[in-house]
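A.B. asks: Here it is, the structure in full.
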Amino acid sequence: MLKNRLLLSISAGHFAVDVLNSVVPVLLAALAVPLALSNAQIGVALTIQIFAGALSQPLFGWLADRFKGRPAVLAATGVAWMAICLVGIVLVTNWPLIVTFVGLMALGSGLFHPVGTAGAAAAAPARAASATAIFFFSGQLGLSLGPLLGGVLLGAPGGAHLMLLLAALTVAPAALLFSAPRPAIPVGGVARAARATIQAGVAILAAFVVLVALRSSIQSVFMSFLPKLFADRGWDPAAYGAIAGTFMFTAAVGNIIAGDIADRYGMRAATIWPLLASVPAGLICLWSPSPVAAFVACGVAGLLIGGQHSVLVVHAQRLLPVRQGFAAGLILGFTFAAGGIGTALVGALADGIGLLTAMQGAVLLALPAAILALTLPGRPAVATAPVVAEA
């Protein structure tokens, strides 16, 4: 698996893409004072980022199903586009232009994610589940390191312009993708027809949709506003970048743990208990006056809130009888869009009731989400059939 050049190239690209994605909230938090930005303005910009990436993913997934031979070329284009847009965000000083570049940058992410998700499975069709897990872990690792790298760079002399160095470093993964080999089978030929079919009623499907929306909103709010919350408390960019990175790193680890729990005890167990436990952990993270306690609680909250992402994506894929790229675009697009709605609402509420109070409300969404998770499958009776090539 680790010798698979295509998989390694796509995973490296995912790491780079999500480093660039996660550095944007830190950069906007640093620009808040010189540009006199409100919480609502930052929330709108981040919502545009999320929605532009989310709503474009089904279209780009459909494109991936038709660009079967070289998915890595499309993925490389997404990485390069994001780097160019980050340069634009750094160099302009006009807020409407910054928001425009944030939205354009998200299109690169929207292109990369469905192409990369489908390409990872096509790179190792005999072990598609493991390949996809490596792909998602690489992205989560990028999400965790991006705020830390951004905070360190923004806290150094030269501040925002050092972000140009970060953009330049993405040349390496983009080059790897451009030179990557073709997949073992065409991307459009990867099917999930052999998976177990889930018969679900309308009420259960609706509960699942709301569950995904609530969980995604909690994670998105933490990713988007942790830097701003602690910047308002006087933390320097390196510190608030580090705590945001801690949240995303433990979320990456949580995906691995939750996946193992789901395989052993079912999706219900992997989702309900972590969501319930995330409430006290999330509140301690927000309330704690001690930086050490805040970091520890933030790490625990990330582990518990972010861990269900891959579990819910797998469950959603079983419900979608469509091609790999388009399915990936639909699933990820909805997840990110739902998170964008939550981010927008919290940003709007924060200017009226305070950012801390608004984020506390987001944490409490885990309670109804846990109730909705009762509709998820319990302990699996039989092993899921392996992914096979479409005839």
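A.B. asks: If I stretch the segment between A36 and R264 completely, what's the gain in nm (0.36 nm per residue apart, minus their alpha carbon distance), one decimal?
C.D. replies: Using 0.36 nm per residue and subtracting the Cα-Cα distance, I get 77.0 nm.
A.B. asks: When the chain is treated as a GNM, springs tying every alpha-carbon pair under 10 Å, which of V363, V346, V313 comes out with the largest mean-square fluctuation?
C.D. replies: Highest fluctuation among the options: V313.
A.B. asks: Going by how many other beta carbons lie within 10 Å of each one, how would you line up S38, S109, S217, fewest first?
C.D. replies: In order of increasing Cβ crowding within 10 Å: S38, S217, S109.
A.B. asks: Order these by the 10 Å Cβ neighbour count, fewest first: T132, T117, T100.
C.D. replies: Final ranking by Cβ density, sparse to dense: T100, T132, T117.
A.B. asks: Only counting other Cβ atoms within 10 Å, I'd like V17, V99, V24, V92 sorted with the fewest neighbours first.
C.D. replies: If I rank by nearby Cβ atoms, fewest first, I get V92, V99, V24, V17.
A.B. asks: Placing +1 at every Lys and Arg Cβ and -1 at every Asp and Glu Cβ, with all other atoms neutral, what dipole size does the range 5-389 have around its Cα centre, in debye to the nearest 20?
C.D. replies: 1060 debye
A.B. asks: Among A131, V171, G342, which residue has its Cα furthest toward the positive end of the charge dipole of the chain, with +1 on Lys/Arg Cβ and -1 on Asp/Glu Cβ?
C.D. replies: Highest projection toward the positive end goes to A131.
A.B. asks: Apply the Karplus parameterisation 6.51 cos²θ - 1.76 cosθ + 1.60, with θ equal to phi minus 60°, to every residue of the range 37-43 and state each ³J(HN,Hα) to the nearest whole Hz, in sequence, with x for glycine and proline.
C.D. replies: Taking θ as phi minus 60°, the curve returns 8, 8, 4, 5, 4, 5, x Hz for the range 37-43.
A.B. asks: What Cys residues in the chain are without a partner cysteine, judged by a Cβ distance under 4.7 Å?
C.D. replies: C85
A.B. asks: Here is a further query. Give me, ordered by chain and number, the residues 5 or more places off D236 or on other chains with an amide H under 5 Å from its own placed amide H.
C.D. replies: Close amide H contacts, sequence-distant or interchain: none at all.
A.B. asks: Which net charge results for the neighbourhood of L275, defined as the other residues with beta-carbon distances under 14 angstrom from its beta-carbon, given Lys and Arg at +1 and Asp and Glu at -1?
C.D. replies: +2
A.B. asks: Under a crude label model (7 Å from the Cα following the beta-carbon direction), how far is D232 from V152 in nanometres?
C.D. replies: Distance between label points: 2.9 nm.
A.B. asks: Which FRET efficiency value, to the nearest 0.05, is calculated for S288 and H161 with the Förster distance at 45 angstrom and r the Cβ-Cβ distance?
C.D. replies: 0.85
A.B. asks: Take the alpha carbon atoms of the range 334-359, find their center, do the same for the range 14-49, and report the distance between the two centers in whole angstrom.
C.D. replies: If we compute the Cα centre of each part, the gap is 14 Å.
A.B. asks: Shifting gears a bit: Between A203 and D351, what is the label-to-label distance in nm when each label sits 7 Å out along the Cα-to-Cβ direction?
C.D. replies: Taking the two extended label points, one gets 4.1 nm.
A.B. asks: Report, in debye and to the nearest 20, how large the dipole of the range 208-274 comes out about its Cα centre when Lys and Arg carry +1 and Asp and Glu carry -1 on their Cβ.
C.D. replies: That gives the range 208-274 a dipole magnitude of about 160 debye.
A.B. asks: Another question about this same structure. Using helices alone, what [θ] at 222 nm do you get for the chain, with -39,500 (n - 2.57) per DSSP H run of 4 or more residues, divided over all residues and rounded to the nearest 500?
C.D. replies: After summing the helix terms and dividing by residue count, I get -26500 deg cm²/dmol.
A.B. asks: With mean projected area of the Cα convex hull in nm² as the read-out, I listed (i) 17.3; (ii) 21.8; (iii) 19.6; which label goes with the value calculated from this structure?
C.D. replies: Read-out taken from this structure: (i).
A short reminder: the numbers here are calculations on the coordinates, not readings from a lab. None of the values given here were measured: they were computed from a predicted structure. Here the Cβ is made from the backbone with ideal geometry for all residues, glycine too, and neighbour counts use every protein chain on show.
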